[in-house]
Amino acid sequence: MGIRDLFHGKSNSEIIKRNEKENSNVEETQVNQSASQNQTSVEASDLETEEQKDSEETSISTFKDELTKVAQQYNGQRESLQSLLFDKQTSIQKEADQLNTEKANAQKLVDDAGTQVTKIQNEMEKETQDASAPLVKKQSELSAKIKENQDQAGSLIDQVQEINEELAGLNKKQQQLVQSEKDISAKFESEKDPAVIVTLADQYRDDIENNKDEREKNATTISAVEEKQQDLKSQLQTVRDKLTTDQKELRDVNNQLEEVQLKIASDDEGRSKHLDALTQELTKNQDELAKLQGHLDEKNKELAAANQEIAGWLGVSVPVKQLKFGEDSEIIVDMDGVDDEQFAQLKSAIKVITDRGAGRIGLYTSQFKLNLTSQIAKWTTELQVKGGVVSVYNPLYSLQHQGELGAKYQLPDNAVTDEWNDDHTERTLVLDNGWTLKAHYFDQSDAVSTVDSYKGDHLAESSTLTREGQLTANRFYNDDGTKNRDEYYSQSGLGILNVRYEQDELIQVELLNAVGMQVQAFDSIDGFADWWLKTQFNQSGLLLGTLNNEHYRELLRVTHGEPIALVTGSDMKRDEFTDWTKALSKQQYLADNYATKMKLIQALNQPLTISLMDPRNLPVSLGVPVGE
C-alpha cells in the first residue's frame, strides 16, 4: 500500500462492502444479543423453578421435622398425662379398696354380733322351752279340758232350759185341767132343776172322768220330765265341778309357769345383760356399716369419673407405655425355629430397636453344633445388625470360648508318607506307628478343618478344628465302627464336655470342671441345654422373638426371661393366643401395626408396654374431650 492510500478515501464499492459488513455485524450482534437475552430468560426461569422446587422441598422437610417433633412431644405429653391420670385412678381405687376392707370388717362385726345375739336368744328360748314345756303341755291339756267341759256345760244348760220350758207348759196344762174340773163341779152344783140335773149328770160325770184321766197322764209326764230335769241338773253340776277343779289347776299351772319364767330370767340376768350389750353393739356396727357404704358410694362415683376422664383423654382403659432402650440395653434374639417370615420380622424389629437406642444385640440358639461362628456371621449379616457385632448365647459355644486361645493343632512332621488326592481336597499322612491321618481343609484356606485318624483300616478318631487352628472336639469310635464318645474342648484346650454313646445311642452328657472332673451329668443334650439356660444364661437381657414361635415361648418358659414379643394381627386370631400371653413374665410387645396394637390392648385389658414395628399411624386430626 502506497502512502497515498493512507490519506485517500475508499472507493464506493469498498464503502458499500464495508457498510454491508457493518450492517451484517450489527444484525448478528442483535441476533446474538436477542438469543443471549432469551437464553438468560430461560436460565432465569429454570433457576426460578429450581429455587421454587428447592423452597417446596425445604418447606416439606421443615414440616416433616416439625411434625416429627410434635409427634415426639405428643407421645411424651400423653405418657405424662397417662401417668398422672392412672396415678389418680390408683389413688382413688386404693381408697375405695380401703373402704371395701373397712366395710368387710364392719360387715363381719355385724354378722358376728348378729350371730351371737341369735345364739343367746336361741339358747335362752330353748332353756325356757325346756323348763316350761311340761307346764305348757299341762296348760294346753287343761285348757282343752276346760273348753270341752264349757262346751258340754253350755249344751246341758240349753237342755235344762228346754226341759224347764216343757215342764212349765205341763204344769200350766195341769193347772188348767184342775180348774176345768172345778168349773164342771161348780156348774153342776149350781143347777136347781132336777130334770136338768138328771139329764146333765152323765155328761158331767164323763167330763170329770176324762179330765181326771188327762190330769193323771199329764202328772205322769210332769214326773218324767222333772226326773229328766233333775238328771240334767246333776250332769250340769258334775261338769261345773270339773270346770272348777280344772280352772283351779290351770291357775296353779299358770302360776308355776310364771315362777319358772321368773326364775329363768333371774338365772339368765348375766346373759340378758350380755344380750343387751351385744344388741347395742350390733346397732352401732350397723350404723357404721351404713356410713361406710355411703363413703364407698361417693368414692365409686369419683372412680367412675376418673375412669371416664381416662377414656376421654386416652381412649384406652389401661396404661400403655412405649418400649425404651438405653446404651446398656442388650437385646437377645432367639434364632431357634425361625422361618423366613419370622426372620424378616426379626430383622425389622432389630432396626426399630437399635434406632431407639438399644446398644447391644445378642443372638441365642440352642443348636449343639461345632464351628457355629459361620452361622452367627451369616445371621448377623442378613439381619443387618448395626455395627456387625453381636454377643453369642449358646450352651456349647459359651463353654468352648472360655479362657484364652491355646496352642494350635499341628499335623505330625515326621510322616512316612504325605500325599494329596487328585482333587487336592484330602491330605493323607502315614505315620511310622501304623496310623493313618486324613486331613481336610476349610474352603479356600490352608487351615485344617478335620482330621480322621485310622488304625489300620478302622476309623478310630475324628478331630474337628476351628479356623484359628484350635482343637475343638474329638469323636472316638469302637472297633465295630459305632460311636464311643465325643470330647469337647474350650479354646484354651481344656476338656469341657463329654458325650457318651452305646450302640450309637446317646446315653449321657458329662459336664467337666477345669481339671477334667465330672461335675454334672445329663440324660440328653436338651437336659444340658436346659441346665445351661437356668444357671448360665444372661438373665438381664431382653429376649426378642416372635410370639408364634414355640421355641421362643419355650425359651421364655425355661429362663423366665423378660420378653419383647413380636405380635401380628394373624397371631391374635389363633385360639392359643391368650394362653401365650398369660405365660409371659411381663407384658411387653412389638406390634406389626397400629391396628394390631389397639386390638392387643383391648384383648389383654391390662397394663402393657408396647411399641410399633411400623409407627406410621399419623391421624387425620387430633382432638380432646368436649368441654375440657
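The values are calculated or read from the model by the stated rules, or taken from the named source; none is laboratory data. Bear in mind that the values here come from a model prediction, so they are computed numbers and not experimental data. Glycine also receives a Cβ, built like all others from the backbone with ideal geometry; neighbour counts cover every protein chain displayed. Calculation scope for accessible area: heavy atoms of the full protein, side chains included, ligands and nucleic acids excluded. Shrake-Rupley method; radii C 1.70, N 1.55, O 1.52, S 1.80 Å.
Where in region 442-546 are the strands (runs of 3 or more DSSP E), entirely inside, with at least 1 residues that are touching a residue at least 24 places away in the same chain (Cβ under 8 Å) and under 22 Å from residue 363 (Cβ atoms)?
458-465, 471-477, 483-489, 495-502, 542-546
If you scan region 110-126, which residues turn out to be of a type in the set (Val, Ile, Thr), free of Cβ contacts under 8 Å to residues at least 24 places away in the same chain and open to solvent by less than 80 Å² (accessible area, probe 1.4 Å)?
118
Report, by residue number, each residue of region 163-174 that is of a type in the set (Asp, Glu) and either surrounded by 13 or more Cβ atoms within 10 Å (Cβ to Cβ) or in contact with an Asp or Glu (Cβ under 7 Å, 6 or more places away or on another chain) (or both).
The one that is of a type in the set (Asp, Glu) and either surrounded by 13 or more Cβ atoms within 10 Å (Cβ to Cβ) or in contact with an Asp or Glu (Cβ under 7 Å, 6 or more places away or on another chain) (or both): 166.
Can you tell me how many residues within region 327-371 are free of Cβ contacts under 8 Å to residues at least 60 places away in the same chain, among the hydroxyl-bearing types (Ser, Thr, Tyr) and under 24 Å from residue 614 (Cβ atoms)?
Within region 327-371, residues that are free of Cβ contacts under 8 Å to residues at least 60 places away in the same chain, among the hydroxyl-bearing types (Ser, Thr, Tyr) and under 24 Å from residue 614 (Cβ atoms) number 1.
Give me the pairs: first residue in region 127-148 and part of a helix (DSSP H, G or I), second residue at pLDDT below 80 and of a type in the set (Asp, Glu), beta-carbon distance under 9 Å, and six or more apart or on different chains, which are they?
The qualifying pairs are 127/267; 127/268; 128/268.
So residue 554 fits all but one of (1) open to solvent by 60 Å² or more (accessible area, probe 1.4 Å); (2) part of a strand (DSSP E or B); what number is the exception?
Every listed condition holds for residue 554 apart from (2).
For every residue, the table says whether it meets (1) open to solvent by less than 50 Å² (accessible area, probe 1.4 Å); (2) not aromatic (Phe, Trp, Tyr).
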residue: 406; (1), (2): yes, yes
residue: 420; (1), (2): no, no
residue: 432; (1), (2): no, yes
residue: 437; (1), (2): yes, yes
residue: 448; (1), (2): yes, yes
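Here's the yes/no breakdown for (1) more than 16 Å from residue 394 (Cβ to Cβ); (2) of a type in the set (Asp, Glu); (3) open to solvent by less than 30 Å² (accessible area, probe 1.4 Å); (4) modelled with pLDDT of 95 or more:
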site: 498; (1), (2), (3), (4): yes, no, yes, yes
site: 505; (1), (2), (3), (4): yes, yes, no, yes
site: 510; (1), (2), (3), (4): yes, yes, yes, yes
site: 521; (1), (2), (3), (4): yes, no, no, yes
site: 534; (1), (2), (3), (4): no, no, no, no
site: 543; (1), (2), (3), (4): no, no, yes, yes
site: 550; (1), (2), (3), (4): yes, yes, no, yes
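Of the conditions (1) crowded, with 18+ Cβ neighbours inside 10 Å; (2) among the aliphatic types (A, V, I, L, M); (3) closer than 29 Å to residue 558 by Cβ, residue 344 satisfies every one except a single condition; which number is it?
(1)
Please name all residue pairs, on different chains or six or more residues apart, with Cβ atoms under 6 Å, provided the first residue is in region 401-416 and is at positive phi and the second residue is modelled with pLDDT of 90 or more and open to solvent by less than 50 Å² (accessible area, probe 1.4 Å).
Correct list of pairs: 403/490; 403/492.
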